[in-house]
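Notes follow the structure.
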Amino acid sequence: MSDRSSGNAESDKRYQLIDRSMKRFDYQKDALLEVLNTTQEAFGYLSEELLGYVSDQLNVPLSQVYGVATFYHMFTFDPLGDHNCIICTGTACHVKGSNLIVNALSEAFNIDEGQTTPDGVFSLKTARCLGSCGLAPVVVIDGDVTGKQTPETTLQRVREIIALSAETTQAEHTRSEVEA
């Protein structure tokens, strides 16, 4: 089933965001990167159906849309977890041990690179280069870029973020029960 054809497709605010983005750029083909970015922000990932929708609306071949989407590390084709970690595996980061960070997180959360934990809490991704070679190895956790990381510092930071998120969720749940 296509994302566009499910339920209230015409009133789906996420598609309205995409449509506004395309309209803002007058449906020009060179707006593809911006439209893909808006699409991922709206849905959290780029499904085949969404890529097809963008292709149709901008009148750009699907192969070109897919080529752009696969070129940039910021795009994902599967829903990500609540918390995301991207580890740079470029030459400088690799030489300084980024593979050890990937292995530590992979082992700690029992997932491989590119996967999300079964509970949807954490996703582990890599990128070929994040452009911060002077800070190698570089890790991006929930959009926050940090350099000179080790397996230990990264694992500790990820665990802290997940624990804080769980505490916040529990506090909000308890507060809503008290208010009810």
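All of the numbers you see were taken from the coordinates with simple rules; none came from a lab. Predicted model only: the values in this text are computed from it and were never measured. Virtual Cβ from ideal backbone geometry, glycine too; neighbours counted across all protein chains shown.
Below, the figures for the structure above:
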{"quantity": "Boolean, Gln170 is under 18 Å from Glu107 (Cα atoms) and out of contact with any helix residue (DSSP H, G or I) (no Cβ under 6 Å at 6 or more places or on another chain)", "calculated": "no"}
{"quantity": "Qualifying positions in region 48-67 - surrounded by fewer than 16 Cβ atoms within 10 Å (Cβ to Cβ) and under 23 Å from Lys125 (Cα atoms)", "calculated": "Glu48, Glu49, Gly67"}
{"quantity": "In region 100-133, the residues that are out of contact with any Gly (no Cβ under 7 Å at 6 or more places or on another chain), touching a residue at least 40 places away in the same chain (Cβ under 8 Å) and more than 26 Å from Glu41 (Cβ to Cβ)", "calculated": "Leu100, Ile101, Asn103, Ala104, Ala108"}
{"quantity": "1 or more residues basic (Lys, Arg): qualifying helices (runs of 4 or more DSSP H) within region 63-180", "calculated": "151-179"}
{"quantity": "Residue check for Arg24: surrounded by fewer than 14 Cβ atoms within 10 Å (Cβ to Cβ), over 30 Å from Ala136 (Cβ atoms) and either among the charged types (D, E, K, R) or over 14 Å from the mean Cα position of the chain (by Cα) (or both)", "calculated": "yes"}
{"quantity": "Residue pairs meeting the criteria (Cβ under 6 Å; at least 6 apart or on separate chains; first in contact (Cβ under 8 Å) with a residue 12 or more places away in the chain, in region 49-73; second surrounded by fewer than 16 Cβ atoms within 10 Å (Cβ to Cβ) and in a helix (DSSP H, G or I))", "calculated": "Leu58/Lys29; Val60/Lys29"}
